[in-house]
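The values are calculated or read from the model by the stated rules, or taken from the named source; none is laboratory data. A quick note: this is a predicted structure, and the numbers were derived from the prediction, not measured. So basically every Cβ, Gly included, is an ideal-geometry build from the backbone, and we count neighbours across all protein chains shown. Protein only, heavy atoms only, side chains kept; ligands, DNA and RNA dropped before computing areas. Shrake-Rupley method; radii C 1.70, N 1.55, O 1.52, S 1.80 Å.
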Amino acid sequence: MPNYSQELNPEQLAVVEHGDGPCLVLAGAGSGKTRTITYRVAYLLEQGVKPEEILLVTFTNKAAREMIFRVQQLVGSQLYLPWAGTFHHIAYKMLKKYAPLLGYESNFSILDSEDSRNVIKLCLKEKGLDKKIKKFPSARVVQGIISFTRNCGKPLEDVIEDQYPQWLQHIDMLGSIAKDYSQRKKEANAMDFDDMLVRLFELLSQNPRVRELFAQQFRYVLVDEYQDTNAIQSAIVGLFSSVHKNILVVGDDAQSIYSFRAADIEHILAFEKHYPSARVFRLEVNYRSTPDILSLANDVIAKNTNQYKKELRSIIDPHVKPTLRVCAEQAEEAEFIVDEILALEEEGVSFDKMAVLFRAAFHSQALEMELVKRDIPYEYRGGVRFFERAHIKDVLAYVRIFVNKTDTIAWSRVLHMQVGIGPATALRIISSIQSAGEIPLADIELGLSARPAMGWQEVLQIWEAMEKSDKTATGLIGAVADSRYEEYLMSQFPDYRDRMQDIEQLALFAGKAKDVSQFLAEATMQEQFRAAEQQSETKYEPKLVLSTIHQAKGLEWHAVFVMHMAQGQFPNERALKQTKGLEEERRLFYVAVTRAKKNLFLSYPIVAGYKMLMGGPSMFLQEIDQDLFEEQRGNNDMDYSHLSDADDGVVYESLDNGWSSPKKRPTSFLMDV
């Protein structure tokens, strides 16, 4: 068995030995959270607690496997912990036995995300909403609305009003679809992932005998990543611990960043309110980052008011201060990052020990181009590479048919997006276009019936907008972006705003090309590069990591670059409009900073977007004590006095006025929040 006093620091040891009753463990980044939990389980087993009397719950299968493995190592046996796993794993085990109490057979099916979406498609079809009806959400969007509603425990009306206001006019129909969807699943003796948690809560709350059975059995309830629990999950663990009151939750309110999944930070912040006798432990010794990085991280998160105060302390020797790089534009920012990556590699830091993190996927486009140019291998996490994204391919298809009307592949993609145009009709239209020669599209006789004619008219409207543009690659992309294609994205995808920002980034990339043909060639070569790269992946090769910050939580690298820290980009403008949105964005920045072990680089471009508007630094950069980082400037001989700020219209003098410094910033960069 472990030697607890030698293998744990005093903060961790206190949790392990004195974790009875309600306990809140505030585990700072890199403080040995998993170590503390697994030692606590080993300690309980050593004290005679039976494995089946311990409920250990976490969020991912990977985390569950790691904790079980570590416990087995500590106790020196292949001990079986029957109630250790994810929320869904625990729910499934219980529902298999007690499903008949809820009106299900014990052999109920589990629907994955695609299965669930297909059922919703049937509901839409039954109501005549499956024909790409304009301004009605797709099955994917409806699925997201229903899922969020189930997890947050709020009425559908409130969720749509708060999270999806663009669909308020369809609130009654969405409610009807949600009801039909639930009924279809019940008739099929099937549950989706959300049902598993909702039904488990119903089982426990509506059946006192079952609740008492499990609450008596589970002498100790331990919950990992408690800050990420939603309303249903928090309620479930509360019911499980209702008898013995030995509930130990571990988490970090400073890393609560998943409200878009219905996670609620109030569960961890209000723990002492729900359990007045709770003990609070703080794990503040950090084993990951240098004191230089932690000083900046502590300064960042100190600006939040709705939190438990913590001060991370490092056991590592000081290294170098974090670097803030002020760049003229996105291309320069990409060049700076790649130069530093290559310099670190020369010093012996392999590519896979470095990561570039960003708030939104579209921020990485210029960097991806630079990495390809310099032949640096990388892997993309948290999404699809830029030129492989569906909406980017859609817009490229429009540009391709404008340049080459006989491009049958591009025409096929464009037509299949339209109302009433199926594969057979698309082939007929394409054949007519090829036969028409130089006849204008609007004059081609197609003989379409009403519904496909409606879709064809939308194509012609976008075509006309492209005709009226300046016919540059940027102009053509802008014409598509400003057309009804935006309505299409809104109806099909819950993240349509992010997709529109991707298209703006594509327009910026297009502006660097000599002409439209060169732009299309460059875009095609990006796709070909990826295809060739996939074919050559026959042996392991260290790769740089590109990742959204959300996907990076829980990970760490020797060197971390947090890019595009620009006004209007990070914090995300949409988040600022939401209740508590600013503090969650600041927590997201904190998560990014605390991924770094030795080197931390922050950067932003002064001008961004295809309109080349001046934005300036993120408000988060302005908040940081300037003594905590070294500031570098890029191409200072460029004059941007003719550019105006995207938000307030203020004209700035030049790059030499020092406004990026926290002590020398114009009041127009201070946001009233």
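Can you list residue pairs whose Cβ atoms sit under 7 Å apart, with the first residue in the range 96-113 being open to solvent by less than 30 Å² (accessible area, probe 1.4 Å) and modelled with pLDDT of 85 or more and the second being assigned to a helix (DSSP H, G or I) and not hydrophobic (A, V, I, L, M, F, W, C)? Count only pairs 6 or more apart in sequence or on different chains. Note: pairs meeting the criteria are Leu102/Arg199; Leu102/Glu202. Of the residues in the range 267-275, not one is more than 30 Å from Gln551 (Cα to Cα), out of contact with any Lys or Arg (no Cβ under 9 Å at 6 or more places or on another chain) and either of a type in the set (Gly, Ala, Ser) or open to solvent by less than 10 Å² (accessible area, probe 1.4 Å) (or both). Only one entry of Ala426, Ala355, Ala328, Ala334 meets the criterion of being within 23 Å of Asn572 (Cα to Cα), in contact with a Leu (Cβ under 6 Å, 6 or more places away or on another chain) and not hydroxyl-bearing (Ser, Thr, Tyr), and that entry is Ala334. The set of residues from the range 451-485 being under 22 Å from Ala510 (Cα atoms) and among the basic types (Lys, Arg) comprises Lys468, Lys471, Arg484.
Let's see how each residue does on (1) modelled with pLDDT of 90 or more; (2) open to solvent by 30 Å² or more (accessible area, probe 1.4 Å); (3) of a type outside the set (S, T, N, Q):
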{"residue": "Asn404", "(1), (2), (3)": "no, yes, no"}
{"residue": "Ser435", "(1), (2), (3)": "no, yes, no"}
{"residue": "Glu445", "(1), (2), (3)": "no, yes, yes"}
{"residue": "Arg451", "(1), (2), (3)": "no, yes, yes"}
{"residue": "Val459", "(1), (2), (3)": "yes, no, yes"}
{"residue": "Glu464", "(1), (2), (3)": "yes, yes, yes"}
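In this structure, Thr36 does not satisfy being surrounded by fewer than 19 Cβ atoms within 10 Å (Cβ to Cβ), among the hydroxyl-bearing types (Ser, Thr, Tyr) and under 28 Å from the mean Cα position of the chain (by Cα).
With the condition kept exactly as written, say whether any residue in the range 472-479 is without any contact (Cβ under 8 Å) to a residue 40 or more places away in the chain and open to solvent by 30 Å² or more (accessible area, probe 1.4 Å). Checked the range 472-479: no residue is without any contact (Cβ under 8 Å) to a residue 40 or more places away in the chain and open to solvent by 30 Å² or more (accessible area, probe 1.4 Å). Count of the range 170-200 residues, restricted to those that are in contact with a Lys or Arg (Cβ under 8 Å, 6 or more places away or on another chain), open to solvent by 60 Å² or more (accessible area, probe 1.4 Å) and over 19 Å from Leu122 (Cβ atoms), is 0. The conditions of being assigned to a loop (DSSP other than H, G, I, E, B) and either at pLDDT 80 or above or of a type in the set (Phe, Trp, Tyr) (or both) are met by Gly554. Among the residues that make up the range 517-525, is at least one of them assigned to a helix (DSSP H, G or I), modelled with pLDDT under 85 and in contact with an Asp or Glu (Cβ under 8 Å, 6 or more places away or on another chain)? No, every residue in the range 517-525 fails to be assigned to a helix (DSSP H, G or I), modelled with pLDDT under 85 and in contact with an Asp or Glu (Cβ under 8 Å, 6 or more places away or on another chain). Looking only at residues of the range 318-332 that are closer than 30 Å to Val372 by Cβ and part of a loop (DSSP other than H, G, I, E, B), we find that the one that is most open to solvent (accessible area, probe 1.4 Å) is Val320. Residue count for the range 480-494 under the criterion of being open to solvent by 30 Å² or more (accessible area, probe 1.4 Å) and closer than 20 Å to His416 by Cβ: the result is 7. The single condition among (1) over 24 Å from Gln12 (Cβ atoms); (2) in contact with a Lys or Arg (Cβ under 7 Å, 6 or more places away or on another chain) that His244 does not satisfy is (1).
Any residue at all in the range 199-218 that's closer than 19 Å to Phe87 by Cβ and within 24 Å of the chain's Cα centre (by Cα)? Among the residues of the range 199-218, not one is closer than 19 Å to Phe87 by Cβ and within 24 Å of the chain's Cα centre (by Cα), which makes the answer no.
Can we say Val419 is part of a loop (DSSP other than H, G, I, E, B) and either under 36 Å from the mean Cα position of the chain (by Cα) or at pLDDT below 85 (or both)? Considered against the rule, which asks whether it is part of a loop (DSSP other than H, G, I, E, B) and either under 36 Å from the mean Cα position of the chain (by Cα) or at pLDDT below 85 (or both), Val419 comes out as yes. Of the residues that sit in the range 50-95 and are surrounded by fewer than 13 Cβ atoms within 10 Å (Cβ to Cβ) and aromatic (Phe, Trp, Tyr), which one is modelled with the highest pLDDT? So, considering only residues that are surrounded by fewer than 13 Cβ atoms within 10 Å (Cβ to Cβ) and aromatic (Phe, Trp, Tyr), the one modelled with the highest pLDDT is Phe69.
Please verify whether Pro22 is under 17 Å from Ile236 (Cα atoms) and modelled with pLDDT of 95 or more, treating the condition exactly as stated.
So Pro22 passes the test.
Condition check: in a helix (DSSP H, G or I), closer than 22 Å to Pro542 by Cα and among the polar types (S, T, N, Q). Does Gln434 satisfy that? No: the conditions fail for Gln434.
Within the range 346-392, track down each residue that is basic (Lys, Arg), buried (at least 16 other Cβ atoms within 10 Å of the Cβ) and closer than 19 Å to Leu506 by Cβ. Answer for the range 346-392, where residues must be basic (Lys, Arg), buried (at least 16 other Cβ atoms within 10 Å of the Cβ) and closer than 19 Å to Leu506 by Cβ: Arg359, Arg385, Arg389.
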